[in-house]
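First comes the structure, then the notes that go with it.
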Amino acid sequence: MITDHRCKGCQRPLFVGTFGCERCAYFFHDYCLFEHEAEVQSFFHPCPLTISTESFSSFCFVCFETITSNFVYKCKLSCRFQTHVECAQKLMVEYSNEEYTIQHFTHLHPLKLVDSNQKDEVICSICVELCSSSSSTYGCMECKFFLHKSCMKRILRQLINHHIHPCTLIFITDPDGSDECDCCGERIVPGMKFSCGACEFDVHVKCALFPTIDSEDAKEIQHFCHPHTLALVQNDEEYGSEPRCVACAQICLAPAPTFRCSRSCDRFFLHKSCYVKLPYKFVNFKHPFHPKHLFTITSLPYNDHIRTCDACFRGIDSTLLAYSCRKSECKFNLQLDCYKLVPSITFSGHQHLLTLFEKTTDLTCHLCGVNCRNFVFRCVPCDITIHLQCHSSAPKSIKHKSHLHPLTLIKSPFEYELNSDEENDEFYCDVCEQKRNQRELIYYCAECKFIAEVKCVVLEVLPLISKDRSFEEEILEDNITEIKIQKWHVENLQEKRSKLHERREELEAKMKQLKGELDDVTKEIKKTEDLLLDKRYVRGRIIGKFYG
């Protein structure tokens, strides 16, 4: 008999002939190992279940009782579902008369038709509505569990391509109920929920079964952009004073179908057309502007806090939707327009692609040092901004419909413009006839003294912006005699070198610490081996004396 370890199945001492792994100290009696099937399919869960000696919690997700046995069946996939061996293998009774008794996957016991006089204050566990005498209701009187017959037919074991979450949502009977609904934010009462284990995403059954925008007659819906249900606006009085759609910021007026918050969020209105167009993301996704953390969509119509978009630095109206970093301490926000932008322009010597922004607040161009607001290239993670006209691929000459002659890209040809520091001085663009920044590069006709801002001829400039060659390619080119490395690029390389140096020091310190721990373990092993040798020596002496 082996007494040092015990069977993982029954916890009794081990005997000769058991199965196990000595390295992991993991052993089974042969009869315990083959007592249960390795994999089963349960009536109460759509995914396969595998036998295990480790459990997620102390409760069975079918009968809600405490698990005291050493074996449990757990979901083979990512669901956090587990059950007693007996509950997983429970045989379902086939009822010939479904008018009176039904076995449903939402409950362990058979559900019987409830008499009309028993329906007083009986609540359906799916829709959380009162079971009226006019609707067929089934229930378990022992557990006080009741379902509308219509709700029983409507609920599915799994929801694919749901409007709340892109992954498949699995129905789970959960005894815990400590999670919050990731749709409405309220606590999920013990009993039932839909879950995506991979994303750790849980929602109320009621939220998951709300009508979608595809239902023409839907008067109330649930959408991932707002924690409360949205109700269809029925008359003009519900609009109030010129409400704006939280997605497109346009006025919501009939006859355009519009949904509004059914609770206290007076300023939350959403066009039916915008409902469909919203980016189909909710949680657990990354954006190239902020690759460190995950994003979620947020709606704060009842909060007057002014947020700033960290891509273009413009203010975000508190009544509009925005994307925010899930790390509360990070406070990184993106307005919807910036979320849709895609980095696509390369630039010499920089590791990331640049993104074209039509409008920003006052930012400084890293190449010319002049403020820029319109049509700029930005690397958001590195906070680098470049005028469109300062990009190395910007065309030096263009043709534009506003002028007969070709226009050349230059600084202002007038000395008084470049030297002027007077705030009252006004310099104009001949295309839009609006005030311009005299220090920005312009497209100019010397013959006619015609000046065009870049933003006014951008349609001619943008198609000619080509993807830049790499910095290494420029160095290798034969006809380049002098490489002009920009200041920001040098700083970027220096910062990168500094971070790598710090990382190396951290790794060296960690290696030193691990070496010390390894030395301690080696000494402990040597000490243990010496003790074992001493015991064997003493034992040999005793045996020798006994037989000698």
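The values are calculated or read from the model by the stated rules, or taken from the named source; none is laboratory data. Since we're looking at a predicted model, the values are computed, not measured. Here Cβ is always computed from backbone atoms with ideal geometry, including for glycine, and neighbour counts include all displayed protein chains. Accessible surface is based on the protein model in full, side chains and every heavy atom, while ligands, DNA and RNA are left aside. Shrake-Rupley method; radii C 1.70, N 1.55, O 1.52, S 1.80 Å.
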Pick out the one residue from 296, 319 that is in contact (Cβ under 8 Å) with a residue 24 or more places away in the chain and in a strand (DSSP E or B).
296
Looking only at the range 346-383, filter to residues that are surrounded by 21 or more Cβ atoms within 10 Å (Cβ to Cβ) and β-branched (Val, Ile, Thr); which one of those is farthest from residue 456 (Cα to Cα)?
380
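For residue 339, are the conditions met, namely being within 22 Å of the chain's Cα centre (by Cα), of a type in the set (Ser, Thr, Tyr), open to solvent by less than 30 Å² (accessible area, probe 1.4 Å) and farther than 24 Å from residue 456 by Cα? Give the steps one after another, and end with the answer.
On the way: within 22 Å of the chain's Cα centre (by Cα): yes; of a type in the set (Ser, Thr, Tyr): yes; open to solvent by less than 30 Å² (accessible area, probe 1.4 Å): no; farther than 24 Å from residue 456 by Cα: yes.
It is false that residue 339 is within 22 Å of the chain's Cα centre (by Cα), of a type in the set (Ser, Thr, Tyr), open to solvent by less than 30 Å² (accessible area, probe 1.4 Å) and farther than 24 Å from residue 456 by Cα.
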Applying the selection to the range 37-49, what residues are within 10 Å of residue 88 (Cα to Cα) and open to solvent by less than 40 Å² (accessible area, probe 1.4 Å)?
40, 42, 44, 45, 49
For residues in the range 414-469 being acidic (Asp, Glu), in a helix (DSSP H, G or I) and at pLDDT below 85, which is farthest from residue 356 (Cα to Cα)?
415
Is at least one residue of the range 385-399 modelled with pLDDT of 90 or more, open to solvent by less than 20 Å² (accessible area, probe 1.4 Å), within 30 Å of residue 296 (Cβ to Cβ) and under 36 Å from the mean Cα position of the chain (by Cα)?
yes
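Which of the residues belonging to the range 382-412 are assigned to a loop (DSSP other than H, G, I, E, B) and in contact (Cβ under 8 Å) with a residue 60 or more places away in the chain?
At the first step, the residues of the range 382-412 found to be assigned to a loop (DSSP other than H, G, I, E, B) are 382-383, 391-396, 399-406, 411-412.
Passing the criteria: 382, 391, 392, 393, 394, 395, 399, 400.
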